[in-house]
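Encoded as structure tokens, the structure appears first; notes follow it.
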Amino acid sequence: MEVIRMGASTALALPDDPAELADLLDAAASKLLDARFSVETEDGLLVLEESLERVHRRLDGVDAALLVEVSDRGAYRKAGYLSVHSYLAQGLRLGDGAASRRRTSAAAIGRFTAMTGETLAPVLPDTAAAVAEGAI
């Protein structure tokens, strides 16, 4: 369990389990859908937009890491698909274009496993680091 500071007097304990974290993220997104942005100042709206954009960017890195695991372990077969691409395109209903973009992104910033079992560095390590920081 990791505790993060949300402000001067607020702390939030985050679980270590990826499925629990994804559930929290989903719940936060649902709560944000119901948020009243009209009460925010213009500066507050801009800060919110920048924060959410950083989250979007970081989630690209999470998606790449998860896609590497799905690919390396052949998990897409368990869902009844013959390839990662067909799982993304049909199984997750992304379509061919988005599936190709996600696979290309994962190939560039993901940490794949070599045949010898070692974890390989990303093809574009600086890009992977920037995505993890939410910078790009």
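Computed quantities for the displayed model
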item: Residue list for segment 109-136, restricted to those being in contact (Cβ under 8 Å) with a residue 40 or more places away in the chain and not polar (S, T, N, Q); result: 109, 110, 111, 112, 128, 131, 132, 133, 134, 135, 136
item: Test for residue 16: is it exposed (fewer than 11 other Cβ atoms within 10 Å of the Cβ), closer than 24 Å to residue 132 by Cα and either in contact (Cβ under 8 Å) with a residue 12 or more places away in the chain or touching a Leu at 6+ places or on another chain (Cβ under 9 Å) (or both); result: yes
item: Flag for residue 102 being part of a helix (DSSP H, G or I), free of Cβ contacts under 8 Å to residues at least 40 places away in the same chain and within 15 Å of the chain's Cα centre (by Cα); result: yes
item: Failed item, numbered, when residue 60 is tested on (1) farther than 20 Å from residue 18 by Cα; (2) open to solvent by 50 Å² or more (accessible area, probe 1.4 Å); (3) part of a helix (DSSP H, G or I); result: (1)
item: Meets criteria (at pLDDT 95 or above, aliphatic (A, V, I, L, M) and not in a loop (DSSP other than H, G, I, E, B)) for residue 46; result: yes
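The values are calculated or read from the model by the stated rules, or taken from the named source; none is laboratory data. Values in this document were obtained by computation on a predicted structure and should not be read as measured data. Virtual Cβ from ideal backbone geometry, glycine too; neighbours counted across all protein chains shown. Just so you know, the surface numbers come from the protein's heavy atoms only, side chains and all, with ligands and any DNA or RNA stripped out. Shrake-Rupley method; radii C 1.70, N 1.55, O 1.52, S 1.80 Å.
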